[in-house]
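Below you'll find the structure, written out as structure tokens, and then a few comments.
The values are calculated or read from the model by the stated rules, or taken from the named source; none is laboratory data. For clarity, every value in this text was computed on a predicted model and none was experimentally measured. Here the Cβ positions follow ideal geometry from the backbone for every residue, glycine too, while neighbour counts run over all protein chains shown. Ligands, DNA and RNA are excluded from the accessible area calculation, which covers all protein heavy atoms including side chains. Shrake-Rupley method; radii C 1.70, N 1.55, O 1.52, S 1.80 Å.
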Amino acid sequence: MKYFPLAALCCALTGVAHAAPAEQCDANADVLKASYQQQQGKQDGKDFNLWRLHQEVAHQAMAQGLVEKWQRLSAGQLRPIRYFEQYQRGIEYQPGELKSQGQKIEWAQKYQLVSNALLEQPLRSEGQGCEREEFYEHGNEQHKLAITWLPELKLVKSMTLSQQDDQGQWQQVNSLKLQGYELNPQAVERQFALWDSYQSTDYADVGDNEQDPFLAKMINQGFIEHGASGFYSSDGQALKGGHHH
């Protein structure tokens, strides 16, 4: 897996003199690249990147070479495109043709990997500036979801889903951890331009082009009609973070 680790996030500042002004965050959260590692059970961690460019957001699964890009239209609808980096090809969908677990796709879940419904009442916050953190917990008798959130950057720093086993012990079943982020508008624009340069096919035309070896292979592997991948639903239910075949 080709992946260049980013610098770790800076620790939150402590012991700042009372007379010092609060540190401001001047970062543009709408244009960035954030690198994550997802861990499901005892499986090896999987790296993926979250890319933002204003009204476009992309999820890049490194191992699969699969990218899902979402464009927010003026009417608030989301237009998805699925890119296959190895083949430099794309499948374009109309708003509504892809759903997440049968539900309407929420922009916030694509933009920041978590629903706004889970970010309403922080237990506490600490730090300042771009590294200010908020902490959230949700759960019931069977599941617990813990989130560390960077509100200035609108990024999940960590998110862990735990489940209670038969002995009453809590076991981690899914986790997401931020490895680092880059605030480089030129690099982000270049990456989106590269994806946009791929040859693309409208989803409605796929059936008429089954002689295309690429499309035939993707249909057989189930990549064309799968619902969009996600990490957590708004109630904390663990969702598949990728395609498993």
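Sorted by accessible area with a 1.4 angstrom probe, largest first, how do M218, M62 fall?
Largest accessible area first, the residues go M62, M218.
Taking the Cβ of Y198 as the centre, find all other residues whose Cβ is under 15 Å away and add up their charges (Lys, Arg: +1; Asp, Glu: -1).
-3
Is the shape of the stretch 110-173 best called rounded, prolate or oblate, per the rule: a/c under 1.5 gives rounded, else a/b larger than b/c gives prolate, else oblate, with a ≥ b ≥ c the square roots of the Cα gyration tensor eigenvalues?
Verdict is prolate for the stretch 110-173.
Beyond 17 Å, what percent of the Cα pairs of the stretch 23-104 remain?
Distances greater than 17 Å cover 58 percent of the Cα pairs.
Which whole number in µm²/s is D for the stretch 139-192 by Stokes-Einstein, with the Kirkwood Rh taken over Cα pairs at 37 °C and 0.692 mPa s?
Estimated diffusion coefficient is 244 µm²/s.
Can you give me the solvent accessible area of S197 with a 1.4 Å probe, rounded to the nearest 10 Å²?
For S197, the solvent-accessible surface is approximately 80 Å².
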